[in-house]
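S.K.: Questions regarding the structure given below will be posed in turn.
The values are calculated or read from the model by the stated rules, or taken from the named source; none is laboratory data. Predicted, not measured: the structure shown is a model, and the values here were computed from it. Please note: Cβ atoms are built from the backbone with ideal geometry, for glycine as well, and neighbour counts cover all protein chains shown. When the accessible area is computed, the model is the full protein with side chains, heavy atoms only, and any ligands, DNA or RNA have been set aside. Shrake-Rupley method; radii C 1.70, N 1.55, O 1.52, S 1.80 Å.
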Amino acid sequence: MYQSEIINEFFVQGVINKELCDKLNKAYAQAYKPAQMMVRSQHCSAHDALAVMGAYYGLPVSHVEALEIKGDVLDKVSRAAMLQNRFLPLSISDGVLSVAISDPLDFITLGAIRAIHDGEIKYILVDEEQLVSKIQSLAATKSASSVLQDINATASAGAGESATAPDEIQNAPAVKLVDSLLNEAIAFRASDIHIEPFEKSVRVRYRVDGSLQDRANFSIDSYPSICARIKILSGINIAERRVPQDGRINMKIQDTEYDFRVSTFPTVYGEKFVIRILDKGAFSFTRPELGFTDSENAVVDKILAHPYGIVLLTGPTGCGKSTTLYALLKELNKDDVNIVTVEDPVEYTLHGINQAQVNTKANMTFANALRSILRQDPNIIMIGEIRDEETAQIAIRAAITGHLVFSTLHTNDAPGSINRLIDMGVAPYLVADAVVGVIAQRLVKKLCDRCKVKATTSPTEMALLKIDHPTEIYHPKGCPFCNHTGYRGRTAVHEIMYMNDEIRNSINDKSYIENLQQITIKNGMVPLWDACKELVLGGVTGISELMTLFSD
């Protein structure tokens, strides 16, 4: 039976051992899709299952984003039909249709493909989740493009909108455009949407992997109704246009709950909107996924083993400090531990952790919330950010009275956090006693694995990397998989300062504070620049990222 043949193929490919192979042959003897059953049972990864199925059926395997769609092949079938039947047409060449599928045994899918093409068909095997996501992104892009064309055509015809009343605001173009932009931004993996008015047009940009990318332009004539639509969704005062405002949109898109944080800023041509996109229920990062190396993990393990003290994460805005904090808290979240957080805002919700949000209007500041938290019998406290002297003093005292405290600071490096706390009025001896460790962090873009190009370092690059012999590194090129940017995704680089007696003594002796960087390096701390340099030499990122982030 083919079920046994497929399971045996997993053994032949080295994905499972003989004992598990025999066991699965008995368990899945009648299974319609044994490979899917193995993935669900966590006997193998989806990637391994796809590779084995490709080898078994003799089909090429690919990441769906690496496949290029050519010509007008998508016009032959609706997005709904592609989504329902799980296939994606890619191209037609010399009468041969190339199409991506996720299951070569789904005869409904094969029949639907035959219905649109009666010639030769070339199948390419892709992951089902990737396939669905790609089809949804294509639908979102088509919808956004169509609405933008309609709005620009309406403006060209002289029928610009000026919505002020609620019944005028609920017009189809504005509603469709805002919904389409939100859907498309998610499909593009964007973290932010920028909507910027100018004299005659409005520009839309998405921030993807830390860089802003142009998406569209539309006429300024339609902008008032777009503004009103966003304000209504986010609970912002429609009539107020003179001062910055903040709001929030909670929306379900493709069965996933998203939180959109909306910020307005008045400019000479109208209000600019920035919409931050958060998938609050999708936090599943681990330390390796966040870029921590084995040696860094060993130091973090020592930091987390402390029953009390303060752990600080430092770096500029948008460097992933909060994400790393959540990952650490997720590790420490046990049934016998009481974890309480105060954040501004709560970006991800974690089951089993008591999370509170700052509310300045109700006098719920970090300092006031922290005082109340100390009466909640906490083992671990997370403060979103230490912004002032009062919060710093309370956090430090909580750390030296038996609590493990996590928080963030805005400093350029790990040793700089010590000076920042002292500048905030915390006594050096308290800082030395309370601080357990400091993690400084930056985000760098990862080179696209599909198109990065290997090259030998030039003399200029050797000087920049501070190496004395030519070596091979990688440079960005650009392909459909990375949207022709040369980069796809980001990873973090870290500088971890673990407090020991020598570092504590240098903090207590103020004359040594200026030399703290050298002291911490002597005690094993790897500077951010060196950590990023290793990623360049390892082919993870490009030398341009190193110089952009650490040009100082």
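S.K.: Using a Cα-Cα cut-off of under 21 Å, which lysines could be cross-linked to Lys302, ignoring same-chain neighbours fewer than 8 residues away?
M.R.: Lys321, Lys330, Lys334, Lys522
S.K.: Mean shadow of the stretch 205-329, computed from the convex hull of its alpha carbons, in nm²?
M.R.: So the Cα hull casts an average projection of 11.0 nm².
S.K.: Just the accessible area per residue of the chain, please: how many Å² with a 1.4 Å probe?
M.R.: Using a 1.4 Å probe on heavy atoms only, each residue of the chain averages 48 Å².
S.K.: In square nanometres, what is one fourth of the surface area of the convex hull spanned by the alpha carbons of the stretch 474-533?
M.R.: Averaging across all directions leaves 5.6 nm² for the Cα convex hull.
S.K.: Hey, could you get me the Stokes-Einstein D for the stretch 327-409, Kirkwood radius over alpha-carbon pairs, 4 °C and 1.567 mPa s, rounded to whole µm² s⁻¹?
M.R.: In µm²/s, the coefficient rounds to 101.
S.K.: Could you tell me the calculated FRET efficiency between Phe198 and Val274, based on Cβ-Cβ distance and R0 = 22 angstrom, to the nearest 0.05?
M.R.: E(calc), rounded to 0.05, equals 0.90.
S.K.: Now for a separate question. From the gyration tensor of the Cα coordinates in the stretch 207-267, what semi-axes in whole Å does the equivalent ellipsoid have, largest first, with each one equal to sqrt(5λ)? Kindly include the intermediate steps, with their values, before the conclusion.
M.R.: Working: eigenvalues 85, 63, 33 Å².
Listed largest to smallest, the semi-axes of the stretch 207-267 are 21, 18, 13 Å.
S.K.: Follow-up question, since we're still on this one. In nanometres, what is the gap between the two model label sites at Ile69 and Gln84, each 7 Å from Cα along Cα-to-Cβ?
M.R.: Here the answer is 1.8 nm between the modelled labels.
S.K.: Sticking with this structure for a sec: When ranked by the protection proxy of mean other Cβ atoms within 10 Å per residue, highest first, what sequence do the peptides 186-195, 421-430 form?
M.R.: Highest mean packing first, the order is 186-195, 421-430.
S.K.: Working only with C-alpha atoms, what are the Rg and Dmax values of the stretch 195-238, expressed in angstrom?
M.R.: 12.0, 32
S.K.: Moving to a separate point now. If packing is taken as the mean number of other Cβ atoms within 10 Å per residue, what is the order of 335-344, 402-411, highest first? Intermediate values should be presented prior to the final figure.
M.R.: Values: 335-344: 16.8, 402-411: 21.2.
So the peptides 335-344, 402-411, ranked by packing, come out 402-411, 335-344.
S.K.: Separate question: So how compact is the chain: Cα radius of gyration and Dmax in angstrom?
M.R.: Just the Cα atoms of the chain yield Rg and Dmax of 27.2, 82 Å.
S.K.: Now for a different question. Expressed as a whole percentage, what fraction of the accessible surface of the chain belongs to carbon and sulfur atoms when a 1.4 Å probe is rolled over the protein heavy atoms?
M.R.: 49 percent
S.K.: Moving on. Take the alpha carbon atoms of the stretch 431-450, find their center, do the same for the stretch 7-52, and report the distance between the two centers in whole angstrom.
M.R.: When both Cα centres are located, 38 Å separates them.
S.K.: With labels modelled as points extended 7 Å from the Cα through the Cβ direction, what inter-label distance (nm, one decimal) is found for Asn523 paired with Asp94?
M.R.: 6.9 nm
S.K.: Turning to a different aspect of this structure: Between Asp388 and Tyr429, what length comes free when the chain is fully extended (0.36 nm per residue of separation minus the Cα-Cα distance, one decimal in nm)?
M.R.: 12.9 nm is the gain from fully extending Asp388 to Tyr429.
S.K.: Moving on to the next point. Can you give me the C-alpha center-to-center distance between the stretch 106-134 and the stretch 258-277, rounded to a whole angstrom?
M.R.: Answer, in whole Å: 40.
S.K.: Ratio of alpha-carbon Rg to the 2.2 N^0.38 Å globular estimate for the stretch 410-485, to two decimals, please.
M.R.: Details: Rg = 20.5 Å, N = 76, 2.2 N^0.38 = 11.4 Å.
Against the empirical 2.2 N^0.38 Å value, I get 1.79 for the stretch 410-485.
S.K.: I'd like the isolated cysteines in the chain, meaning no second cysteine's beta-carbon lies under 4.7 angstrom from theirs.
M.R.: Unpaired cysteines in the chain: Cys21, Cys44, Cys227, Cys319, Cys532.
S.K.: Please work out the FRET efficiency for the pair Glu257 and Asp150, using the Cβ-Cβ distance as r and a Förster radius of 25 Å; give the result to the nearest 0.05.
M.R.: My answer for the efficiency is 0.30.
S.K.: Taking the C-alpha atoms of the stretch 422-552, how large are the radius of gyration and the largest Cα-Cα span, Dmax, in Å?
M.R.: Every Cα atom of the stretch 422-552 included, Rg and Dmax give 18.8, 56 Å.
S.K.: Okay, next question. Net charge around Gly542, counting only other residues with Cβ within less than 14 Å of its Cβ (Lys, Arg = +1; Asp, Glu = -1)?
M.R.: So the environment of Gly542 carries a net charge of +2.
S.K.: Check every DSSP H run in the chain and write down those whose alpha carbon atoms cover 30 angstrom or more along the long axis and whose mean Kyte-Doolittle hydropathy is -1.0 or greater.
M.R.: Helices meeting the span and hydropathy rule in the chain are 128-156.
S.K.: How far apart, in nm, are two points set 7 Å out from the Cα along the Cα-to-Cβ line at Val243 and at Asp214?
M.R.: Reported label-point gap for Val243 and Asp214 is 3.6 nm.
S.K.: Taking loop as defined by DSSP and a crowding limit of 10 other beta carbons within 10 Å, which trypsin sites (Lys or Arg not before Pro) in the stretch 408-486 fit?
M.R.: Here the trypsin sites (Lys or Arg not before Pro) that fit, given the DSSP loop and packing criteria, are Lys466.
S.K.: Next question. May I ask you to compute the full-extension gain from His306 to Asn250, defined as 0.36 nm times their residue separation minus their alpha-carbon distance, rounded to one decimal in nm?
M.R.: Working it through step by step, the gained length comes to 16.4 nm.
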